[in-house]
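What follows is one structure encoded as structure tokens, with my remarks underneath.
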Amino acid sequence: RDVLVGMAALVIIVAGLKAASSLMIPFLTAAFLAVICSPSLQWCRRKGLSAPLSFLAVAAAATIVLIGVAAVVGSSVRDFASNIDHYESQLGERKGELMQWAETRGIEIPQEWQSQSTDPQRVMRFFGGVMSSVAGLLSNAFLVLLTLIFILLEAAGFSRKLIAISGGTTERLERAERIVSAVNHYVSIKTWVSLLTGTIIALWLWILKVDYAVLWGLMAFLFNFVPNIGSIIAAVPAVLLALIDPGPTAALYAAGGYVVVN
């Protein structure tokens with residue numbers, strides 16, 4: 001009975017999270033960005049800046065970065081929508097070349113795969129969905145930024161609140177500071193590694209003349225925070241687009257670049 005009640009409660013919670021996704025996604029995004037910004041906030045404090053000045057510096061930097069990311073993604077989505085017919089025709093050509101190559105070597109391709117799995121319109125809908133999802137998240141950039149600012153404000157005064165809660169003793173504060181220091185150290189290293197990964201990927205794809213290289217570099221940076229499968233997820237749309245244009249050779253080089261960098 002207790003197991004059934006627990007499962008029912010889990011279903012209700014999941015359903016509630018899904019129903020509130022329009023609010024939860026911006027909040028979780030802001031929380032994720034706050035974790036990334038936290039080491040910078042601590043670094044400013046160690047350099048002698050007061051808590052208000054540290055907060056203002058980090059909040060200003062976060063605002064500039066968010067505006068830049070929103071501009072890049074918005075431009076990429078508009079450009080993709082205007083060139084979708086070109087990509088569909090290019091994908092149709094690649095499909096014909098693959099069929100011809102398989103036929104000359106006696107390789108039989110299932111009829112269902114020929115007619116549906118590589119349908120140009122289906123693939124373009126996939127790309128459109130990926131870009132629309134990212135653009136939809138950034139459409140709430142103001143809400144994300146506002147939530148991020150409030151979280152950073154709370155973080156700036158966390159030490160004083162913890163001392164007040166503990167009745168003036170520093171034992172809990174020291175323990176919390178050790179935990180926060182360890183988390184900040186990990187996040188700092190992960191952020192720099194992810195930034196380096198995204199930068200190299202963007203440069204490599206730009207050299208290969210793959211469209212939206214900056215966007216794919218941004219995705220490589222973000223998905224590098226997802227353990228194990230994040231880099232694979234980030235690579236799939238970029239490699240597929242490289243296959244469409246410039247072509248198979250560029251797609252192989254792009255895939256190899258992701259493997260080497262990661």
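Numerical summary
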| quantity | calculated |
| --- | --- |
| Accessible area per residue in Å² at 1.4 Å probe, computed on the stretch 14-80 | 58 Å² |
| Given charges at Cβ of Lys, Arg, Asp, Glu: the stretch 1-79 dipole, positive-most of 69, 7, 35 | 35 |
| Label point distance in nm, residue 57-residue 32, each placed 7 Å from Cα along Cα→Cβ | 2.7 nm |
| Mean Cβ neighbour count within 10 Å, used as a protection proxy, ranking 30-42, 204-216, 246-258, 75-87 highest first | 204-216, 30-42, 246-258, 75-87 |
| Using a Förster distance of 30 Å, the FRET efficiency for residue 174-residue 64 (Cβ separation, nearest 0.05) | 0.30 |
| Label-point separation in nm, residue 225 to residue 209, each point 7 Å along Cα→Cβ | 3.5 nm |
| Residue-span extension gain [residue 199 to residue 79] - 0.36 nm each, minus C-alpha spacing | 41.0 nm |
| The stretch 1-73: trypsin sites (Lys or Arg not before Pro) in DSSP loop, at most 16 other beta carbons within 10 Å | 1, 47 |
| From phi via Karplus (6.51, -1.76, 1.60), per-residue ³J(HN,Hα) for the stretch 30-35 in Hz, x at Gly/Pro | 5, 5, 4, 5, 5, 5 |
| Pairwise FRET efficiency - residue 8 versus residue 188, Cβ, R0 = 51 Å, nearest 0.05 | 0.75 |
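The values are calculated or read from the model by the stated rules, or taken from the named source; none is laboratory data. Keep in mind the model is a prediction, meaning the values are calculated, not measured. Positions of Cβ are generated from backbone atoms using ideal geometry, with glycine treated the same way; all protein chains shown enter the neighbour counts. To get the accessible areas, we keep the full protein, side chains included, count just its heavy atoms, and leave off ligands, DNA and RNA. Shrake-Rupley method; radii C 1.70, N 1.55, O 1.52, S 1.80 Å.
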